[in-house]
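Only one structure is covered here, and it is reproduced in the block below.
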Amino acid sequence: MLEDWIDEVCREFGLDRADVDRDLVLDLAKDVAHGVARPAAPLTAYLLGLAVGKGTPATDAAGRITALAAGWGARER
């Protein structure tokens, strides 16, 4: 069902399905949910999309966000 959903949304917006890295986004959401907070996961997926829309490669943006999330719990508050 997830693949069908992705396909449908891609058709709706004229996106190339080959550009959608499902595992990259899901892994990023998991890392943020565990490293920051669960509600941060969908918001971060949206922020990833904005970064990619501005020209940052998805793998680069996801890596940078994952690194931020990994250090988030260690931050002094």
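One table, with the values for the structure above:
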item: Lys, Arg +1 and Asp, Glu -1 on Cβ, resulting dipole of the chain about Cα centre, debye, nearest 20; result: 520 debye
item: Which of V9, L26, A69, positive extreme of dipole for the chain (C-beta unit charges); result: A69
item: Average accessible surface area per residue within the chain, 1.4 Å rolling probe, Å²; result: 75 Å²
item: Scattering curve values for the chain, log₁₀ I(q)/I(0), Debye with Cα scatterers, q = 0.15, 0.16, 0.19, 0.22 Å⁻¹; result: -0.54, -0.61, -0.82, -1.03
item: Protein accessible area in the chain, 1.4 Å probe - carbon and sulfur %; result: 60 percent
item: Karplus-derived HN-Hα couplings along the range 66-73 (A = 6.51, B = -1.76, C = 1.60, θ = phi - 60°), whole Hz, x at Gly and Pro; result: 4, 4, 4, 5, 5, x, 4, x
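The values are calculated or read from the model by the stated rules, or taken from the named source; none is laboratory data. Here the structure is a predicted model, which means the values were calculated and not measured. Because the Cβ atoms are built from the backbone with ideal geometry, glycine has one as well, and the counts that use them run over all protein chains shown. Accessible surface areas use protein heavy atoms only, side chains included; no ligands, DNA or RNA. Shrake-Rupley method; radii C 1.70, N 1.55, O 1.52, S 1.80 Å.
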